[in-house]
Amino acid sequence: MKILVAMKQVPARDSVLKPSADGRWIDEDGLQFEMNEPDAYALEAGLQIKEKVGGEVVVLSAGPARVGSSIREALAKGADRAIHIEQDGLEGWDSLSLARLLAAAAKTESPDLVLTGLQSDDAGRGETGVMMAELLGIPHATIVMKIGVEDGAAKVKRELEGGWFQDIEMRLPALLTVQSGINRLRYATLMGIKKSRTKEVKVMTAAELGVEAKPLVVLEKLAPPAKKKKGELLAGTVEEQAAKLVEKLRFEARAI
């Protein structure tokens, strides 16, 4: 069984972010980068499936040369090999353009199962995996909490709103976007780190995949939220003030 895990490298979670000089993305000078945490859970899910049913886990990632460090981390944890679409300037790309790039590479592998994190820690759109599935022409499920593979089918448990869950079964090949926290992440062992140095990392470009290295949507401006303080006195009885406060927290501040 071939399991493809799409992985993104993002700024470290404790990074202090500020817009770049041109205002089109964040200033990356001095930033540390790491594997996107939701994708780390997708990788762990793929490794656990491999341990149960056999096969191989292939990591797929796109980005500049620095992405290689996260790829090596995935290989050290147990992935068998990797594909690196080495491409500068992917920062701020729209989800569909990224999905087209990843789907083109995925087609060269014909995987039985594609796993991605639910969303990325930087953009947080939660769209790329779903779009990949559509471009690959395979079924998909989102916010997956549990995965079982048996007899050419995937049995998954999805998280819905309001504390509800859904159990579904789909034929393979399929794509699943994995919810963070569904498993316990493993650490790379010393032996795994040594083995990762000899594992294959296939470097490709957008041109080799027949995909134009140009986003469909261009991000023109990125800016931090405006800082503003505003006080408001609520009139009426205590009960009326409480009702107004709840309404503002719910519909204006969206805090409840």
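Data overview
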item: 3 or more residues over 14 Å from the mean Cα position of the chain (by Cα): qualifying strands (runs of 3 or more DSSP E) within region 1-103; result: 56-63, 81-86
item: Within region 104-140, tally of residues that are in contact (Cβ under 8 Å) with a residue 60 or more places away in the chain and not in a loop (DSSP other than H, G, I, E, B); result: 11
item: Looking only at region 126-148, and only at residues there that are in contact with a Ser or Thr (Cβ under 8 Å, 6 or more places away or on another chain) and surrounded by fewer than 23 Cβ atoms within 10 Å (Cβ to Cβ), the one that is nearest to G163 (Cα to Cα); result: I143
item: Any hit, region 231-245, residues being among the hydrophobic types (A, V, I, L, M, F, W, C), closer than 30 Å to M131 by Cβ and surrounded by fewer than 13 Cβ atoms within 10 Å (Cβ to Cβ); result: no
item: Residues satisfying the stated conditions in region 143-176, i.e. touching an Asp or Glu at 6+ places or on another chain (Cβ under 7 Å), among the charged types (D, E, K, R) and farther than 19 Å from K50 by Cβ; result: K157
item: Exclusive hit being on the phi > 0 side of the Ramachandran plot, among the β-branched types (V, I, T) and part of a strand (DSSP E or B), set I143, I147, I168; result: I143
item: Residue under evaluation S120, criteria (1) under 18 Å from I83 (Cα atoms); (2) hydroxyl-bearing (S, T, Y); (3) in contact with a Lys or Arg (Cβ under 6 Å, 6 or more places away or on another chain), criterion not met; result: (1)
item: L176 being part of a loop (DSSP other than H, G, I, E, B) and of a type outside the set (G, A, S); result: no
item: Qualifying residue in region 116-125 (condition: surrounded by fewer than 19 Cβ atoms within 10 Å (Cβ to Cβ) and β-branched (V, I, T)); result: no
item: Considering residues of region 152-185 that are under 18 Å from the mean Cα position of the chain (by Cα) and among the charged types (D, E, K, R) only, the residue nearest to P111 (Cα to Cα); result: R158
item: Filtered residue count, region 104-131, keeping only those that are of a type in the set (A, V, I, L, M) and more than 14 Å from the chain's Cα centre (by Cα); result: 4
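A quick yes/no check of all residues on (1) surrounded by fewer than 16 Cβ atoms within 10 Å (Cβ to Cβ); (2) of a type in the set (F, W, Y); (3) out of contact with any Ser or Thr (no Cβ under 8 Å at 6 or more places or on another chain):
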residue: I3; (1), (2), (3): no, no, yes
residue: A21; (1), (2), (3): yes, no, yes
residue: E34; (1), (2), (3): no, no, no
residue: L47; (1), (2), (3): no, no, yes
residue: K50; (1), (2), (3): no, no, yes
residue: V59; (1), (2), (3): no, no, yes
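Each reported figure results from applying straightforward, stated rules to the coordinates on display, with no laboratory input. Computed from a prediction, not measured in an experiment: that's the story for all the values here. Virtual Cβ from ideal backbone geometry, glycine too; neighbours counted across all protein chains shown.
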